[in-house]
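Participant: Before I ask anything, here is the structure I am working with.
The values are calculated or read from the model by the stated rules, or taken from the named source; none is laboratory data. Computed from a prediction, not measured in an experiment: that's the story for all the values here. Backbone-built Cβ (ideal geometry, glycine too); neighbour counts: all protein chains shown.
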Amino acid sequence: MGGTADITLIAFDMYGTLARNDATAWEGTFSALALEQGLAVSGEALRAQWSTRDVRFRATRTNMEDPEASPPFRSYWEAWRDTFVDSFAALGIEGDAALAATRCVDALCERPAFSDVTPVLEALAATSELAVLSNADDRYLDGTIRHNGWRFATVVSSESARAYKPDPRIFATFCREAGVAPERVLYVGDSPYDDVHGAKLAGMRTVLLRRDQQTPGRTPPPEAAVLLAADHEIDSLTALLPLVQAAA
């Protein structure tokens with residue numbers, strides 16, 4: 001891994017990188033909560049309303065030109081509760097927004113791993129310290145880790161850092177928690193904006209994982225944004241092993 005022989009920590013994004021989080025899973029969640037609450041609309045119709053508002057939240061939660069001027073931090077659960085309130089109103093139905101947001105969190109706790117993940121993590125753990133930095137609430141990030149039987153030296157969520165990737169503040173918090181300088185971190189993620197651009201701004205080396213699925217809920221980059229490029233691109237996590245081994 002040219003120029004990365006001094007890497008001391010490998011950090012991973014979670015959803016779309018280690019754990020599956022595809023559209024099918026979200027469709028199932030919305031169908032289930034519509035049925036549970038006896039809503040007079042389909043899960044598909046509710047998700048369409050909700051998704052529009054969720055994207056708006058993700059697009060406006062961070063001021064990348066002046067991160068300190070960003071809106072007050074809201075966890076995903078808080079933002080999703082408010083999004084359900086607005087979605088129910090737009091559809092002219094009554095529902096329990098807090099319970100709906102909790103249903104989404106519960107579902108995320110059980111996201112399964114991609115088939116290539118656990119063997120790669122086990123191989124890397126033999127020689128490297130591993131960590132997770134994810135846009136997520138603590139409850140479901142910890143739940144996903146437990147569900148898949150993983151262990152990491154450091155786990156930092158957007159909720160614990162009170163900031164969302166690609167905000168440089170979350171990467172700074174991660175480095176303080178891990179006790180490592182950013183230039184000694186190799187960050188692996190599937191989002192060119194949240195993961196690669198954010199980590200590069202923070203001074204980390206990066207690997208973009210281009211899986212063959214699209215993960216819902218990525219932060220939309222600003223229009224005409226010029227994103228920093230990854231140091232490496234791979235199409236499966238297995239391809240990370242020779243990169244790390246080459247640097248050893």
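Participant: Please determine, by comparing only the residues of segment 126-156 that are surrounded by fewer than 23 Cβ atoms within 10 Å (Cβ to Cβ) and of a type in the set (Ser, Thr, Tyr), which one is farthest from Met14 (Cα to Cα).
Facilitator: Of everything passing the filter in segment 126-156, Thr127 is farthest from Met14 (Cα to Cα).
Participant: Looking at (1) within 30 Å of Ala225 (Cα to Cα); (2) surrounded by 18 or more Cβ atoms within 10 Å (Cβ to Cβ), which one does Met64 not meet, given that it meets all the others?
Facilitator: Here Met64 clears every test but (2).
Participant: Do we find a residue being buried (at least 19 other Cβ atoms within 10 Å of the Cβ) and hydrophobic (A, V, I, L, M, F, W, C) anywhere in segment 210-229?
Facilitator: For segment 210-229, residues buried (at least 19 other Cβ atoms within 10 Å of the Cβ) and hydrophobic (A, V, I, L, M, F, W, C): absent.
Participant: Same structure, new question: Restricting attention to segment 224-248, and to residues there that are assigned to a loop (DSSP other than H, G, I, E, B) and of a type in the set (Asp, Glu), which single residue is nearest to Ala202 (Cα to Cα)? Give the steps one after another, and end with the answer.
Facilitator: Here is the first cut: in segment 224-248, the residues assigned to a loop (DSSP other than H, G, I, E, B) are 224-231, 235-236, 248.
Within this subset, residues satisfying the condition of being of a type in the set (Asp, Glu) are 231, 235.
Values: Asp231: 14, Asp235: 24 Å.
Within segment 224-248, the match that is nearest to Ala202 (Cα to Cα) is Asp231.
Participant: If you don't mind, another one. In segment 157-177, is there at least one residue being among the hydroxyl-bearing types (Ser, Thr, Tyr) and surrounded by fewer than 22 Cβ atoms within 10 Å (Cβ to Cβ)? Outline the logic, then answer.
Facilitator: Of the residues in segment 157-177, the ones among the hydroxyl-bearing types (Ser, Thr, Tyr) are 157-158, 160, 164, 173.
With surrounded by fewer than 22 Cβ atoms within 10 Å (Cβ to Cβ) added as a condition, the list becomes 160, 173.
Yes, segment 157-177 has at least one match.
Participant: Given the conditions (1) of a type in the set (A, V, I, L, M, F, W, C); (2) within 30 Å of Asp235 (Cα to Cα); (3) modelled with pLDDT of 95 or more, report the number of the one that Ala23 does not fulfil.
Facilitator: (3)
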